[in-house]
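Have a look at the structure below, then the notes.
The values are calculated or read from the model by the stated rules, or taken from the named source; none is laboratory data. As the structure is a computational prediction, the values presented were derived from the model and not from experiment. Cβ placement follows ideal geometry from the backbone for every residue including glycine, while neighbour counts extend to all protein chains displayed. The accessibility values were calculated without ligands, DNA or RNA, using every heavy atom of the protein model including side chains. Shrake-Rupley method; radii C 1.70, N 1.55, O 1.52, S 1.80 Å.
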Amino acid sequence: MTYVLHKSLGDDIAIANGDRPVRLRLVAALADSIFQGELLMSDANFARLFPEQEGYRFLLVDAPAGRVAQISAAIEEGAGDLGADAVETTARLAEFHRVENTYLSTFQTLGGLGLLVGTLGLAAVVLRNVLERRRELALLGAVGYRRFHIFTIIVAENLLLLAWGLAIGIACALVAIVPAIAERGGRLPVTGSGALLLVAVFAAGLLSSVVATRAALRAPLLQSLRSE
């Protein structure tokens, strides 16, 4: 209604029916329905406005869950000469969601590329930060801190920043999906791929911090201590 017809509730739609136009008013909308892309009206009004239309082209069958496949096969076999095609409601909804899932997959791919670029950027920032603090790290080594202790301090600092960044990002994402949560009756649309992406972000940040810190600490700190 919004994206195809560019209409909202209460608007009228003009349909040409022969030599006389028919005006239809949108009074309600269905969310996540098998009737997506369809305009619904009562049988009496349809027969009054379009008397030349004979018969039914779309039928709904209420079948037990355990006999859906059997009944579908019987309908297609018995009315095959009429071009009958039985489609389950779940399959029809899945077709409607295919476009939405394609968009989600596209954005997940872009998110993966962003994760890769962010990992490289984080490694560069950590490496630069450690190199700029060589004098401080050399002084810590002179007063008794071992390389392992210095390595642990730097990695802990980076993990704290990474954890806060993830927490703020998750909070912003939750605020952004509040309308979707309300539309789905309070159910949180959490998927395994989303949780896996969060784990991948944390693992990539940890790996980049460890690699950059090890590379920076390999440099001799004696010269930095002398300048300090």
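One table, with the values for the structure above:
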item: Residues of the stretch 76-86 that turn out to be of a type in the set (A, V, I, L, M), surrounded by 11 or more Cβ atoms within 10 Å (Cβ to Cβ) and modelled with pLDDT under 80, as a count; result: 2
item: The stretch 109-154, residues that are surrounded by 14 or more Cβ atoms within 10 Å (Cβ to Cβ) and among the polar types (S, T, N, Q); result: Thr119, Asn129
item: Residue match in the stretch 88-108 (condition: open to solvent by 70 Å² or more (accessible area, probe 1.4 Å), among the aliphatic types (A, V, I, L, M), more than 30 Å from Ala195 (Cα to Cα) and under 31 Å from the mean Cα position of the chain (by Cα)); result: no
item: Helices (runs of 4 or more DSSP H) fully within the stretch 111-228 counting 3 or more residues that are touching a strand residue (DSSP E or B) at 6+ places or on another chain (Cβ under 7 Å) and modelled with pLDDT under 80; result: none
item: Odd one out for Gly37 among (1) in contact with an Asp or Glu (Cβ under 7 Å, 6 or more places away or on another chain); (2) at positive phi; result: (1)
item: From the options Leu24, Leu5, residue that is aliphatic (A, V, I, L, M), surrounded by 10 or more Cβ atoms within 10 Å (Cβ to Cβ) and under 31 Å from the mean Cα position of the chain (by Cα); result: Leu5
item: Residue within the stretch 33-42 that is open to solvent by less than 100 Å² (accessible area, probe 1.4 Å), among the polar types (S, T, N, Q) and at pLDDT 80 or above present; result: yes
